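Reviewing the structure listed below.
The values are calculated or read from the model by the stated rules, or taken from the named source; none is laboratory data. Computed from a predicted structure; not experimentally measured. Methodologically, a virtual Cβ is constructed for each residue, glycine included, from the backbone with ideal geometry; neighbour enumeration extends over all protein chains shown.
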Amino acid sequence: MNRILIIDDDDQLRRSFKKLLSEEGYFVKEAPSGEAGLKLIRANPPDIVVLDMRLPGMSGFEAFNSIHAMDPKLPVIIMTAYGTTETAIEATKMGAFDYILKPFDIPDMLVTIGQALESARFMRLPVDIDAAPDRIFGEAIIGRSSPMQDIYKAIGRVSPTDATVLIRGESGTGKELVARAIYQHSLRSDKPFLVINCVAIPENLLESELFGYERGAFTGASHRRVGKIEQANHGTVFLDEIGDMPASIQAKILRLLQEKSIERLGGREAIPVDVRIIAATNRDLETALAESRFREDLYYRLKVVTIGLPPLRDRAGDIPLLIDYFLPRFAREIGINNPGMTEEARKEFLNYLWPGNVRELANVLQKVLIFNRGAPIGVEEVKNTISGRIVSRDKLEEGIDKEIRQWIREELSSRGHENVFDSCTERFASILIREALNITGGNRTQAAKLLGLSRPTLHSKIEKYNIRLETLVKED
């Protein structure tokens, strides 16, 4: 369970905040002062700290400096009133994860907490390389095939340098794990590691997220904000899906790589930053270059070192190792004993081409385990799960697609109105979330993993669609 420490002298806020976060599944401790908070951190370090800037005795800024000196990898979210924003900005530039203005919006705060916890996991949870399954204590890059041996050598050679790295490979091949392994074996491993998904953030927000903005830069910019790249000064930034980055932002990334400086949105001052860039993409950048969708100068700046991850179909000999890694891990997460797998079932795994690569294999194992009855996983369980995935794709095109189209036509003709798009989208989203909760027996953490959502995001959608867990159909 993720542990959060709240340091604030407002008793009512601490109690309310603790209740809210406890309901979200977090283990929460609280402290009324910086001194008390530091004592708790020394005794039992939390995963993240939420720190108010105005405190009795030791100031919030002094408390942050002490926390940061004690553990530079401990994410600290600062709460600040408008009048202390500049102090919060200075703390952020010195390594604080982010800052939130009081009074804060609860959904926004939950999102920031989720991001901070994810960042803490990236920095702390080790990525083992080529370790035996029974000796892996965190996450791991699994494989002993020749292509994977080349990957391990590349990680070992590039990690101690400050060279920019471009990681290429199909979806699900493990690009993020390689980026984290490079960071954890680098000379910057005690500094921040921030992940930016260039697809997940809307284009109109990505620039301000990366580079920050000055007060008055746009409507609603009521104060200066430090961007992620400036926050990661002296550390590492992982730009995932960089092949989808808008052209306007590509130019600013190029300047960062060339001049080691950035400009905040709406600002004129060149701000020096020292960050290492690791980028990843599943796109064909050469085609993007030919179609003028990706800058040629940025392309050559990024590929100082290129690491190409092989698809799973090209290293099928690693599949047994992956099975032996994921089975006990998922069994522990679900809370069951590892049932093992028959040899016939293993052969079925070897016969499948795995278009979704390692991620798809992991998802199949997780689904098989969820419905397992305790006996070793058999060939029929695997066939049904894998063939079900293939058939479902065909049916989506041939059968289910037709039914959905017919239903949409009826909706448009019978009750078409300006909100029909939102109402249909919300209905499908509600069904998807209900089914994920059904499959996991109402376990929100597991459902969020199945859906690829953060737990706070799933919680907000459950509330939005008024989904009540007691009304869910239970699987036999």
Any chance Leu74 is touching a Pro at 6+ places or on another chain (Cβ under 9 Å) and part of a helix (DSSP H, G or I): no
Answer from Ile319, Ile336 - the residue that is surrounded by 18 or more Cβ atoms within 10 Å (Cβ to Cβ) and β-branched (Val, Ile, Thr): Ile319
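Looking at the range 1-18, which of its residues are under 25 Å from the mean Cα position of the chain (by Cα) and surrounded by fewer than 19 Cβ atoms within 10 Å (Cβ to Cβ)?
Met1, Arg3, Lys18
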Matching residues in the range 270-327 - criterion: being of a type in the set (Lys, Arg) and out of contact with any helix residue (DSSP H, G or I) (no Cβ under 7 Å at 6 or more places or on another chain): Arg276, Arg293, Lys303, Arg313
Residue that is in contact with a strand residue (DSSP E or B) (Cβ under 6 Å, 6 or more places away or on another chain), outside the structural domain of Pro32 (by TED's automatic domain parsing) and surrounded by fewer than 22 Cβ atoms within 10 Å (Cβ to Cβ), where the choices are Ala154, Ala140: Ala154
Filter result (surrounded by fewer than 19 Cβ atoms within 10 Å (Cβ to Cβ) and either of a type in the set (A, V, I, L, M, F, W, C) or in a helix (DSSP H, G or I) (or both)) within the range 339-356: Glu343, Glu344, Arg346, Lys347, Leu350, Asn351, Leu353
So Leu298, is it modelled with pLDDT of 95 or more, in contact with a strand residue (DSSP E or B) (Cβ under 6 Å, 6 or more places away or on another chain), outside any strand (DSSP E or B) and not charged (D, E, K, R): no
Failed criterion for Leu51 (all others in (1) surrounded by 16 or more Cβ atoms within 10 Å (Cβ to Cβ); (2) farther than 29 Å from Thr457 by Cα; (3) touching a Gly at 6+ places or on another chain (Cβ under 8 Å) hold): (2)
Verdict on Gly95 being within 26 Å of Val195 (Cβ to Cβ) and either part of a loop (DSSP other than H, G, I, E, B) or of a type outside the set (A, V, I, L, M, F, W, C) (or both): yes
Any chance Phe211 is under 17 Å from the mean Cα position of the chain (by Cα), assigned by TED's automatic domain parsing to the domain that holds Val178 and among the aromatic types (Phe, Trp, Tyr): no
Residue within the range 294-305 that is β-branched (Val, Ile, Thr), in contact (Cβ under 8 Å) with a residue 12 or more places away in the chain and outside the structural domain of Leu254 (by TED's automatic domain parsing) present: no
Scan of the range 256-291 for residues that are of a type outside the set (Gly, Ala, Ser), within 22 Å of Asn233 (Cα to Cα) and either surrounded by fewer than 15 Cβ atoms within 10 Å (Cβ to Cβ) or over 27 Å from the mean Cα position of the chain (by Cα) (or both), ordered by number: Gln258, Glu259, Lys260, Arg268, Glu269, Ile271, Pro272, Asp274
